[in-house]
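The values are calculated or read from the model by the stated rules, or taken from the named source; none is laboratory data. This one's a predicted model, so the numbers in the text were calculated from it and none came from an experiment. Cβ: placed from backbone, ideal geometry, glycine included. Neighbour counts: every protein chain shown.
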Amino acid sequence: MSYVLMSHELITFFAILSAYLLGAVPFGLFFTKLFSGIDVRTIGSKNIGATNVLRAAGKKAAFLTLLADILKGYLPVIIVHLLFRNDVTTALAGVAAILGHNFPVYLRFRGGKGVATSFGTVLAVSPWIGLVCLLAWGTAAFIWRYSSLSALVAFACYPALTYLAATADSKPYEALSLFIFGMIYYRPREIIKRLLAGTEPKIGEK
C-alpha cells in the first residue's frame with residue numbers, strides 16, 4: 001500500500017516537474033534568433049515574450065512565440081488534468097508552467113512576465129473565463145496599444161471572475177487565480193512608471 005502511494009507521489013512530482021521544464025523553454029529567444037539572428041534579451045524591454053519578439057524579429061517570430069508560450073501553459077495543465085483528475089495537481093501544474101516561464105532554469109532563472117503562459121493555463125482550467133480575460137486584453141490593447149497595460153487589465157479580471165463562478169470544489173482554482181494575479185503584478189512598478197512617463201513601448205513599436 002505504501003509502495004503504491006509512493007509511486008503515485010513520484011509520478012505526480014515528475015508530472016509537475018515536467019510542467020515546469022516545458023514552461024521554462026525560451027521560445028521567444030529561439031524564434032528571434034531563428035528569424036533575425038538577434039538575442040531578444042538585448043532589444044527593447046529585454047523580455048523574451050512575444051511583444052518584445054515583435055520588435056526584434058517581426059510578426060512571424062512574434063506569432064510563433066505567442067502560440068508556443070500559450071501552449072506551454074495550456075498543454076501540461078490539460079494533460080495533467082486528464083491523467084490525474086485531481087484539481088490540486090492540475091492547479092500545481094499551472095503554477096509550475098508559469099514559474100518555468102518566469103524563472104527558467106535554462107536561462108539562469110531570468111525569464112519573461114508569464115502573460116501568454118498564464119493565458120494558456122487559464123484557458124486549460126476555465127476556458128470561458130480565459131476567453132473573457134483574452135477579450136479584456138484585446139479591448140485594452142486596441143484602445144491603448146500597450147501590451148503591459150492590457151495584461152494588467154485582463155488579469156485584474158481573472159480572480160474576480162473565478163470567485164464569481166466559484167463552487168464548493170473550486171478552491172484550488174481560486175488559489176491559482178490569486179497566484180497568477182500576484183505573478184502578473186509582481187513587477188509592475190517600473191512598468192507603471194514608464195506608462196505614466198509615456199516611455200513604455202507600444203505594441204509593434206521599434
Completion exercise
Residue set Leu75, Leu149, Leu135, Leu123; condition without any contact (Cβ under 8 Å) to a residue 12 or more places away in the chain and either within 18 Å of Ala175 (Cα to Cα) or touching a helix residue (DSSP H, G or I) at 6+ places or on another chain (Cβ under 9 Å) (or both); output residue Leu135
Exercise for the section: Determine, yes or no, whether Ala61 is farther than 21 Å from Ala96 by Cα and either part of a helix (DSSP H, G or I) or among the aliphatic types (A, V, I, L, M) (or both). Expected result: yes
Exercise for the section: Inspect the stretch 1-22 for any residue being touching an Asp or Glu at 6+ places or on another chain (Cβ under 9 Å) and either surrounded by 17 or more Cβ atoms within 10 Å (Cβ to Cβ) or in contact (Cβ under 8 Å) with a residue 60 or more places away in the chain (or both) and give the result as yes or no. Expected result: no
Handout entry: Out of Ala68, Ala56, sole residue that is touching a helix residue (DSSP H, G or I) at 6+ places or on another chain (Cβ under 9 Å), at pLDDT 95 or above, among the hydrophobic types (A, V, I, L, M, F, W, C) and part of a helix (DSSP H, G or I)
Key = Ala68
Handout entry: Check on Arg110, farther than 17 Å from Leu71 by Cα and either in a helix (DSSP H, G or I) or of a type in the set (A, V, I, L, M, F, W, C) (or both)
Key = no
Fill in the blank from the handout: If we keep only residues of the stretch 134-157 that are aromatic (Phe, Trp, Tyr) and assigned to a helix (DSSP H, G or I), then the residue surrounded by the most Cβ atoms within 10 Å (Cβ to Cβ) is Phe155
Problem - Of the criteria (1) surrounded by 16 or more Cβ atoms within 10 Å (Cβ to Cβ); (2) modelled with pLDDT of 75 or more, which one Leu178 fails - result: (1)
Problem - Boolean, Gly130 is at pLDDT 95 or above and in a helix (DSSP H, G or I) - result: no
Exercise for the section: Evaluate the stretch 153-174: report whether one residue or more is at pLDDT 90 or above and in contact with a Lys or Arg (Cβ under 8 Å, 6 or more places away or on another chain). Expected result: no
